[in-house]
Amino acid sequence: MKDIIVVGGGLAGLMATLRLGEKGYRIKLFSIVPVKRSHSVCAQGGINAAINAKGEGDSPWLHFYETIYGGDFLANQVPVLGMAELAPKIVYLFDRMGVPFNRTPEGTIDFRRFGGTLFHRTAFAGATTGQQLLYALDEQVRKLEVDQKVVKYEPYQLMKLIISDDGVCRGVVVMNLYNGEIEAHMADAVILATGGLGYMFKENTNSIINTGSAGSIAYQQGAYFANPEFIQVHPTAMKGYDKNRLISESVRGEGGRVWAYDANGRKVYFLEEWYPGYGNLVPRDIASRAIFKAVHELGYHTAEGEPMVYLDITELVKQKGRDYVKSKLGGVLEIYEKFTGVDPYNNPMKIFPAVHYSMGGLWVDYNQMTNIPGLFAIGEQDYQYHGANRLGANSLLSCLYAGYIMPNIIDNYVKQVSKDYDEQKLIKRYVDEVKDELNKIRNLRGNINPYKLADEFRTVMSKYVTVIRNHEGLVYAYNFVREALNRYNDINIYDSENYYANTTISYVKQLKDMMILALAIIKGALERKESRGAHYRTDYEKRDDDNYLKTTKAKFNPNTLEPEISYEEVDTRLIPPQEREYKSSHKEKIVKALKLYEQAKPIIEKLDIYANFV
């Protein structure tokens, strides 16, 4: 029986664990928190699948087309087509698992609209879809735990990958966060499913565990990090003293409207005016830039003069009734009321954009393997499916899809991998390296508070590396982060004891990982002299396919701690790149998409996109 390590207990990690466990593999599942607290639990809006339940003419091809189009043509097209084709099967699988998807009066799964499409394509369980999917998967995985096919390690933090001299990933070194002990675990393959990096930015909707540390560790050990500059800023988040909180796109999908007061006190529904084809359901990158423009350039504001805009469902409540709206959106509206004390059923919600997701991630091939043999990446940890901008409700799908297809991929890999290495010697080497690194952290006795340094770093990232970018701001941010890395050795750890749950040591380790990966994000943005998807530069406002229809690949230089940037061609064999706009009608786009399908049919017939679906 073969052993597989899965790092990360969210939707991607649990799906891979379930599928591999059912195929007879022994799985060690490591998670930095109990798996039911993984950040997937925070996903609200739904999961996309072109089931065409409402008879609108939707299809997997149109789902694929709008995903590529919405991603500004930067995603490799073959894997995205595979994801769109398998999506209906994944939704029906969870339906059979008992996920309480909302239902139509006839008893079938209900679907709502989401950004970047006008099809009703998003299956949902109220406004807590991520939680329901995660809990359903965990229930299935617990069966495998009883059968001793899965062992969970919670809470454990990844410290280092174990890579043999022939360059193959053989295992992991982890820290038990209960007692600080260091452990090494070996396996035939390692799958990273450790989520995003949104905590790197001060204004974000992510959990404090979303530091990107695991991806940074792989990057520092030789894995390419692809498209790091593409950071999604969600247009609708509520500001809080401690952090920002997501107000789901599902609110707009159900009929919520964005508006603000202009300088003359006039109520302006600016998304509907500027983008008549899609209105409030334009993709997230476009909506976020529009809100920034409305507030910072045009002076739009709330009734109290605050630099925010409104997301309003009060008319929807009047039309449909409070109970109806609560059945669709209760989870997210409850969050807003809890943290603001304002009833969103009767008062418009105050919102502003915040960092939400990373389209970039570890570079992987079409079989989810990084350039380090034996190391696979899935979920938000890989870059594969969203291009320059992710469409709403595709995140849960991409996580589950990548986890679902792992068995056949792992089968093929373990058949040919050799075990010609000295296991004990390798373990000792890497464990010693991690212990040395932790001892250096424990001995930091400078005059800098690590949490204050982190706050400064995260503030700079939010200010200069999110919605609006330019050369001057990016250079400032890059130099700031380099200087912060130099100041890292002047941190005072304050608490160096090796006892239960010493979070400072864990945090300081992750802080360095964040700053190293931040340099790749900023350098990628500096080198990409165009605007595409979520990457918008005021000094290069046009998309430049001639020079930048390419995947960015960042390689870590251990001598300078800085990235080396190279590029790789994007697979556009199915749909030729075209101008991306959302002012014309949805119908015009669909007619064009169907013509492109006829042209692509001969190519699709030769592809083996279903090979990993078994």
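Taken residue by residue, segment 247-261 has no member that is open to solvent by 60 Å² or more (accessible area, probe 1.4 Å) and at pLDDT below 95. Just one of the listed residues (I32, I5, I47) is within 27 Å of R113 (Cα to Cα) and at pLDDT 95 or above, namely I47. Has segment 505-518 got any residue that is small (G, A, S), under 22 Å from T551 (Cα atoms), buried (at least 18 other Cβ atoms within 10 Å of the Cβ) and modelled with pLDDT of 95 or more? Yes; the residues of segment 505-518 include at least one that is small (G, A, S), under 22 Å from T551 (Cα atoms), buried (at least 18 other Cβ atoms within 10 Å of the Cβ) and modelled with pLDDT of 95 or more. Residues of segment 266-281 that are assigned to a loop (DSSP other than H, G, I, E, B) and either at pLDDT 95 or above or open to solvent by 60 Å² or more (accessible area, probe 1.4 Å) (or both): R266, Y269, P276. Restricting attention to segment 525-547, report how many residues are open to solvent by less than 40 Å² (accessible area, probe 1.4 Å), in contact with a helix residue (DSSP H, G or I) (Cβ under 8 Å, 6 or more places away or on another chain) and of a type in the set (S, T, Y). Residues that pass the stated criteria total 0. Residues in segment 403-432 that are of a type in the set (K, R) and surrounded by 12 or more Cβ atoms within 10 Å (Cβ to Cβ): K428, R429. From the list K550, K587, K583, K601, the lone residue that is of a type in the set (K, R), open to solvent by less than 80 Å² (accessible area, probe 1.4 Å) and more than 30 Å from V475 (Cβ to Cβ) is K601. Taken as a whole, the structure leaves I409 outside the set of residues that are part of a helix (DSSP H, G or I), within 27 Å of I182 (Cβ to Cβ) and of a type in the set (A, V, I, L, M, F, W, C).
Among the residues of segment 282-303, those that are surrounded by fewer than 19 Cβ atoms within 10 Å (Cβ to Cβ) and out of contact with any Pro (no Cβ under 8 Å at 6 or more places or on another chain) comprise K293, E297, L298, G299, T302, A303. If you go through segment 176-224 and keep only what is closer than 30 Å to I351 by Cα, of a type in the set (V, I, T), open to solvent by less than 30 Å² (accessible area, probe 1.4 Å) and out of contact with any Cys (no Cβ under 9 Å at 6 or more places or on another chain), you end up with just T211.
Answer yes or no: is there a residue in segment 550-563 that is closer than 24 Å to F119 by Cβ, of a type outside the set (A, V, I, L, M) and not in a strand (DSSP E or B). Taking every residue of segment 550-563 in turn, none turns out to be closer than 24 Å to F119 by Cβ, of a type outside the set (A, V, I, L, M) and not in a strand (DSSP E or B).
Of all the residues in segment 604-614, those that are open to solvent by 50 Å² or more (accessible area, probe 1.4 Å) and touching a residue at least 40 places away in the same chain (Cβ under 8 Å) number 2.
Candidates Y385, Y345, Y366: the one that is open to solvent by less than 10 Å² (accessible area, probe 1.4 Å), among the aromatic types (F, W, Y) and not in a helix (DSSP H, G or I) is Y385.
For segment 101-115, the condition holds for no residue, the condition being that it is in a helix (DSSP H, G or I), at pLDDT 95 or above and touching a strand residue (DSSP E or B) at 6+ places or on another chain (Cβ under 8 Å).
Scanning segment 57-76 finds one or more residues that are open to solvent by less than 30 Å² (accessible area, probe 1.4 Å), under 30 Å from K550 (Cβ atoms) and in contact with a His (Cβ under 7 Å, 6 or more places away or on another chain).
Apart from one condition, M159 fits all of (1) more than 28 Å from F30 (Cα to Cα); (2) not in a helix (DSSP H, G or I); the exception is (1).
Residues checked against (1) on the phi > 0 side of the Ramachandran plot; (2) open to solvent by 10 Å² or more (accessible area, probe 1.4 Å); (3) free of Cβ contacts under 8 Å to residues at least 12 places away in the same chain:
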site: V91; (1), (2), (3): no, no, no
site: T122; (1), (2), (3): no, no, no
site: A125; (1), (2), (3): no, no, no
site: Q131; (1), (2), (3): no, yes, no
site: E139; (1), (2), (3): no, yes, no
site: E145; (1), (2), (3): no, yes, yes
site: M159; (1), (2), (3): no, no, no
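Does V325 fit the bill of being open to solvent by less than 20 Å² (accessible area, probe 1.4 Å), within 21 Å of the chain's Cα centre (by Cα) and touching a residue at least 12 places away in the same chain (Cβ under 8 Å)? Considered against the rule, which asks whether it is open to solvent by less than 20 Å² (accessible area, probe 1.4 Å), within 21 Å of the chain's Cα centre (by Cα) and touching a residue at least 12 places away in the same chain (Cβ under 8 Å), V325 comes out as no.
Within segment 24-63, the set of residues being in a helix (DSSP H, G or I), in contact (Cβ under 8 Å) with a residue 40 or more places away in the chain and not polar (S, T, N, Q) comprises V35, K36, H39, V41, C42, W61, L62, H63.
The values are calculated or read from the model by the stated rules, or taken from the named source; none is laboratory data. Bear in mind the structure is a predicted one, so any value in this text is a computation, not a measurement. Quick reminder, even Gly has a Cβ in these numbers, built from the backbone with ideal geometry, and neighbours come from all protein chains shown. Quick note on the areas: whole protein, heavy atoms, side chains included, nothing else; ligands and nucleic acids left out. Shrake-Rupley method; radii C 1.70, N 1.55, O 1.52, S 1.80 Å.
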